[in-house]
Amino acid sequence: MTNQNEIQKRKIAEPVTAPSLNNIWTDQNAFQTAMRMANALSASTIVPRDYQGEKGLGNCMIALEMASRLNTSPLMVMQNLYVVNGRPSWSSQYIIAMINNSKKYRTELQFEFEGEGDTLACTAYVEDYSGRTIKGPKITMEMAKKEGWVNKNGSKWQTMPEVMIRYRAASFFGRLNCPDMIMGLYSTEEASEIAPDFIVVDDVADRVEKEIIENANKEVLDPTPVEESKNQRPENVNEDGEIQEEGMTEPQTSEDEGQQPLDLGEDDPY
């Protein structure tokens, strides 16, 4: 009896550790836990539409894993992760927020400007705990024009160049100095300027139905009545319905043979 009590006390004293969601694709317990959490999130109407319902279960699973790796809220990931041209991407504001909230550096992300107009340039930088300044790549308007960022239809580079150059400098800084936070993803502004990985093709059934609707009632029908068409006989078909080859004539009947006797010629051996 005492042994059973000791075993029960040990079970109560042992801490219960929840499975890590970092390994949901390799750990069965973590996968089941993530599935239950994804079901609850997909049933919510607060999460973005891409994560709602049965079709959003897979997206919820991925968001849960990314949130676990970033040590942040799954809802925060869902609200700032977008799919642009077939690529998952972060909003630029979230990239800046991740860097500032990580406490990896002593200062928040700063921006240094040079020039103005067509000579405008921006560099994102921070200062670490040892006092060293860490900079990202310099982004210039000349670079933006050569890369084709400015000339795209609806580009915000034409109307808000200072804001866009900040966002681009932040995303470049994050991928260069904080790849563990960015996880190799582009910003939404960058993803929108990259050609898509796929071409959207209409479903075969939809295309067939569309073709039927477009071509319906276009063929001119023959107004000849059915009875008249039956009485008409092609030239190469005889009365019995047999097809004759060219150069052949219809065989003569017995009546015709009686009216036109066979001429054997003058030299008849019989």
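Read the figures in this text as sums done on the coordinates, not as results from a lab. Source: prediction; values computed, not measured. When we count neighbours, we look across all protein chains shown, and the Cβ atoms used for this are built from the backbone with ideal geometry, even at glycine.
What the Cβ-Cβ distance of S44 and N71 gives, at R0 = 22 Å and to the nearest 0.05, is a FRET efficiency of 0.50.
Go through the stretch 89-149 and name the chymotrypsin sites (Phe, Trp or Tyr not before Pro) that are in a DSSP coil and have 16 or fewer other Cβ atoms within 10 Å of their Cβ.
When the chymotrypsin sites (Phe, Trp or Tyr not before Pro) of the stretch 89-149 are filtered for loop state and at most 16 Cβ neighbours within 10 Å, Y129 remain.
Our coupling estimate for the stretch 84-98, obtained by passing each phi through the Karplus curve with A = 6.51, B = -1.76, C = 1.60 and θ = phi - 60°, is 10, 6, x, 10, x, 8, 8, 6, 5, 4, 6, 4, 5, 5, 4 Hz, Gly and Pro reported as x. Give me the net charge for the shell around E189: Cβ to Cβ below 11 angstrom, other residues only, Lys and Arg +1, Asp and Glu -1. Result for the local shell: +2. Computed 3J(HN,Hα) for the stretch 40-50, one whole-Hz value per residue from the Karplus formula 6.51 cos²θ - 1.76 cosθ + 1.60 where θ = phi - 60°, is 5, 5, 5, 7, 7, 9, 7, 5, x, 4, 5, glycine and proline marked x.
Shape class of the stretch 11-130 from the Cα gyration tensor (axes a ≥ b ≥ c, square roots of the eigenvalues): oblate, since a/c reaches 1.5 or more and a/b does not exceed b/c. Rounded if a/c is under 1.5, else prolate if a/b is larger than b/c, else oblate: which is the stretch 85-194, with a ≥ b ≥ c the root eigenvalues of its Cα gyration tensor? Oblate, since a/c reaches 1.5 and b/c is not below a/b. If you plug the beta carbon distance of T159 and I134 into 1/(1 + (r/R0)^6) with R0 = 30 Å, you get a FRET efficiency near 0.45. Using only the Cα atoms of the stretch 16-78, build the gyration tensor, take square roots of its eigenvalues as a ≥ b ≥ c, and label the shape rounded, prolate or oblate: rounded if a/c is under 1.5, else prolate if a/b is larger than b/c, else oblate. Prolate, because a/c is 1.5 or more and a/b exceeds b/c. Only the Cβ atoms of Lys and Arg (+1) and of Asp and Glu (-1) were treated as charged; on that basis the dipole of the stretch 16-78 about its Cα centre amounts to roughly 80 debye.
The order of W157, W25, going from fewest to most other C-beta atoms within 10 Å of their C-beta, is W25, W157.
Annotation for the stretch 68-126: trypsin sites (Lys or Arg not before Pro) lying in DSSP loop with at most 10 further Cβ atoms inside 10 Å of their Cβ are K103.
Between Q110 and N85, the distance separating the two model label sites (each 7 Å from Cα on the Cα→Cβ line) works out to 3.4 nm.
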